[in-house]
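Since the structure comes first, as structure tokens, the remarks are kept for the end.
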Amino acid sequence: MLRVMLLWLATAPAVTCVATVGTHNDLAIAVSSHQTPICVTGDIDVSFASLYVTVDTEIVGIAPVPPVLTQGSSQDGFFVVQGGTLTLRDLVLDGGGTSPGVRVSGSAGLQLDGVEIRATSSSTGAAIQAVTTGALAVRRSWIHGAVSTSDGGALHVTGGGTLVVEGSHLDGNRGRYGGAVWVEGLASLVVEDTTFARNVADQGGAVQATDTPVGIHGSSFLQQDASDGYGRGAIHTLRGSLAVTGSRFLGNLGDNAGALDVRDPGAGSRLEDVLLCGNTTDAGSSVGGMYLSQPATFTVSRSWFLLNEGTRDTIDFIAGGPNTLRILDSTIVGTGDQLFASTSAGARVELERSIIRGDLDVNGSTEGVSTCSVIQGNPRNNWTQTDPVTTDPIVLTSCDPGVLRTFLQAPPTVPCMSGAAGTPASPDTDGDGWPDALDCRPTDPDVHPEAPEACNLRDDDCDGYVDESVTVASWADRDGDGLGDPGSPQGTGPCLAGAVTNPDDCDDTRVGPCDSGDTGGSVEADADADADSDADTDADADSDADSDADSDTDPAPSQAPPVGVLCRAGVGPVELGLSWLRRR
């Protein structure tokens, strides 16, 4: 069985269990009698019936590898939360391709921390469906393979509450609108340090948000597919503010827009320190980068729109009144129309301290003004150019990481700024030689596009895939303590198979690491009585109170494996930044 698909923090808080369960009946009784926290100690088949939660309940997995709850039926899913807040931590929910995940209603809340939800299925929100005024949070979790026949492939949330998605990975989910996330009428949606990869929808490949303020920070969107129907990008928002900072959009595909489709955004909407490269469309009259409609004021600052492809490659600005698009300290590089504006009287496009390689077409009554900027192309119609139109040509051939690194470390300059860069060079916070805009973990020097991929369920080389092509030697682990029996090799296999890679279990019939005097492959047998009259209580020949062969008393072994003995132990959660397009 595929046991471990998610990372759990080695420093997870200790849990004092009120109820410890290992069967469906135990879990059902503990939940119905309001015992909490409930510690799950092994895999459980919960397909008999959904578990109903009406008060604050915490369910935690306690094992060297996270317990798997399986639900292969088509009932209401694993949990139905009708009151209080359900907290799930260090668990796997496996829907078997037929079952929903969690349902939340009323004013109830849901908190996921270190949870994998896989292979769930439903009409809407296959992993999480919520109509609630409460708070929902998905942290350091992995949701993949969720399939909905209608909206919200993985998450479908409405009702006025809040949703936070942090440090997580949503991969390969599918829905009609919102391949991974669909929200409407929420107080807020916040996405931080999260990766969306290869989600599919007719509209809003990764996220669709309506009447909801959306904030996205430090997140990555790779290869979303919204090429059916209206398409509308990796993210589609309607009537709500949108703020995207420190994020990447790479290789996304849509009909109307490749990366972003933003309609009627509220005050404060902006892009800041955002990289868009290689986003495309497959329909006519569409834009590869961002479609922007009816903003009051929308600001793009310190951002890069590079090699996006469409009828209009980078930005399509549609406005019907006194709307303003401001582009500051940014670089736009393509081959066709890079900015197309079709607006009525009072609308304005402002380009400041920026560089565009490509044409600008400002139609209608829109006023376009360029200040201290470089345009390597043709600014057509209502454009006022205060700077030289041409300068040395910008050469950028692909979204390959090496090519982008050179470009981002030394961007083109703007002459009127006396040699200063129009777009500031992307910083290298961790000093690993890779600019933050391409580094999926900009504060970790061991993670960057040239790092070797290791067996740690982390995206070490920032390509959006985890432990790909990594094979490891493994050993049998009969007592489940994460230490393998050196006498029982299992050969080599994929890292993601949950293999135990440390063969240092001196006794594979008891849980815990060896005592300090033990060696791999040795066997001791502890007894409850002093069977050999040597003043200790185990079956060795010394006079101390442990089971090794020396004469000093070692501390009692822990019931948990030491940090580092598992392929996945001791590593931070779901570090799946995506930095460029890699199609496989």
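Restricted to region 430-447, and to residues that are closer than 21 Å to ASP400 by Cβ and free of Cβ contacts under 8 Å to residues at least 40 places away in the same chain, which residue is surrounded by the fewest Cβ atoms within 10 Å (Cβ to Cβ)?
Initially, region 430-447 is screened for residues closer than 21 Å to ASP400 by Cβ, giving 432-442, 447.
The next check asks that each one be free of Cβ contacts under 8 Å to residues at least 40 places away in the same chain; those that pass are 432-435, 442.
Details: ASP432: 19, GLY433: 13, TRP434: 28, PRO435: 21, PRO442: 22.
Restricting to residues being closer than 21 Å to ASP400 by Cβ and free of Cβ contacts under 8 Å to residues at least 40 places away in the same chain, the top hit is GLY433.
How many of the residues making up region 58-70 are open to solvent by less than 30 Å² (accessible area, probe 1.4 Å) and out of contact with any Lys or Arg (no Cβ under 6 Å at 6 or more places or on another chain)? Step through it out loud before you land on a result.
Here is the first cut: in region 58-70, the residues open to solvent by less than 30 Å² (accessible area, probe 1.4 Å) are 59-61, 66-69.
In the following step, the residues that additionally are out of contact with any Lys or Arg (no Cβ under 6 Å at 6 or more places or on another chain) were identified as 59, 61, 66-69.
Within region 58-70, residues that are open to solvent by less than 30 Å² (accessible area, probe 1.4 Å) and out of contact with any Lys or Arg (no Cβ under 6 Å at 6 or more places or on another chain) number 6.
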For region 160-173, enumerate the residues that are free of Cβ contacts under 8 Å to residues at least 40 places away in the same chain and out of contact with any Phe, Trp or Tyr (no Cβ under 8 Å at 6 or more places or on another chain).
GLY160, THR162, LEU163, VAL164, VAL165, GLU166, GLY172
State all residues of region 149-163 that are open to solvent by less than 10 Å² (accessible area, probe 1.4 Å) and farther than 21 Å from TYR465 by Cβ; if no residue qualifies, say none.
GLY152, LEU155, VAL157, GLY161, LEU163
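Could you tell me whether VAL165 is within 30 Å of THR443 (Cα to Cα) and part of a strand (DSSP E or B)?
Values: within 30 Å of THR443 (Cα to Cα): yes; part of a strand (DSSP E or B): yes.
Spelling it out, VAL165 is indeed within 30 Å of THR443 (Cα to Cα) and part of a strand (DSSP E or B).
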Can you tell me which residues in region 269-287 are modelled with pLDDT under 90 and either within 25 Å of GLU166 (Cα to Cα) or of a type outside the set (S, T, N, Q) (or both)?
ASP282, ALA283, GLY284, VAL287
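Which one is surrounded by the most Cβ atoms within 10 Å (Cβ to Cβ), of the residues in region 71-94 that are over 19 Å from THR41 (Cα atoms) and modelled with pLDDT under 95? Working first, answer last.
Step one: list which residues in region 71-94 are over 19 Å from THR41 (Cα atoms), which gives 72-77, 80-85.
Cutting the leftovers down to modelled with pLDDT under 95 gives us 72-77.
Details: GLY72: 15, SER73: 17, SER74: 14, GLN75: 16, ASP76: 18, GLY77: 27.
Selected residue: GLY77.
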Checking THR20 against (1) surrounded by fewer than 22 Cβ atoms within 10 Å (Cβ to Cβ); (2) modelled with pLDDT of 95 or more; (3) of a type outside the set (Gly, Ala, Ser): exactly one of these is not met. Which one?
(2)
Filtered residues of region 339-358 (kept if farther than 21 Å from ASP329 by Cα and surrounded by fewer than 24 Cβ atoms within 10 Å (Cβ to Cβ))
SER342, SER344, ALA345, GLY346
Can you run down the residue pairs with Cβ atoms below 6 Å, 6 or more apart or on separate chains, where the first is in region 41-52 and in contact (Cβ under 8 Å) with a residue 12 or more places away in the chain and the partner is surrounded by 18 or more Cβ atoms within 10 Å (Cβ to Cβ) and among the charged types (D, E, K, R)?
SER50/ASP76
Residue count, region 29-51 (criterion: over 18 Å from THR120 (Cβ atoms) and open to solvent by 30 Å² or more (accessible area, probe 1.4 Å))
7
Any chance region 210-221 includes a residue that's surrounded by 24 or more Cβ atoms within 10 Å (Cβ to Cβ), touching a residue at least 40 places away in the same chain (Cβ under 8 Å), more than 12 Å from the chain's Cα centre (by Cα) and assigned to a strand (DSSP E or B)?
no
Which fully enclosed strands (runs of 3 or more DSSP E) of region 225-311 have 2 or more residues being surrounded by fewer than 23 Cβ atoms within 10 Å (Cβ to Cβ)?
242-245, 270-272, 297-301
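Given THR98, THR124, which one is in contact with a strand residue (DSSP E or B) (Cβ under 7 Å, 6 or more places away or on another chain), open to solvent by 40 Å² or more (accessible area, probe 1.4 Å) and not in a strand (DSSP E or B)? Spell out the reasoning first.
On the way: THR124 fails: open to solvent by 40 Å² or more (accessible area, probe 1.4 Å).
Testing whether each residue is in contact with a strand residue (DSSP E or B) (Cβ under 7 Å, 6 or more places away or on another chain), open to solvent by 40 Å² or more (accessible area, probe 1.4 Å) and not in a strand (DSSP E or B) leaves just THR98.
Going by the conditions given, is VAL55 at pLDDT 90 or above, loosely packed, with under 15 Cβ neighbours inside 10 Å and of a type outside the set (D, E, K, R)?
Working: at pLDDT 90 or above: yes; loosely packed, with under 15 Cβ neighbours inside 10 Å: yes; of a type outside the set (D, E, K, R): yes.
Answer is yes for this residue.
Test TRP475 against the stated conditions and say whether it is at pLDDT 75 or above, touching a His at 6+ places or on another chain (Cβ under 6 Å) and buried (at least 21 other Cβ atoms within 10 Å of the Cβ).
Numbers: at pLDDT 75 or above: yes; touching a His at 6+ places or on another chain (Cβ under 6 Å): no; buried (at least 21 other Cβ atoms within 10 Å of the Cβ): yes.
No.
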Select from region 424-472 the residues that are of a type in the set (A, V, I, L, M) and at pLDDT 75 or above and write down the one among them that is farthest from LEU328 (Cα to Cα).
VAL472
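The values are calculated or read from the model by the stated rules, or taken from the named source; none is laboratory data. As the structure is a prediction and not an experimental result, all values here were calculated from the model. No Cβ is skipped: glycine too gets one built from the backbone with ideal geometry, and neighbour counts run over all protein chains shown. Surface areas here come from the heavy atoms of the whole protein model, side chains and all, with no ligands, DNA or RNA. Shrake-Rupley method; radii C 1.70, N 1.55, O 1.52, S 1.80 Å.
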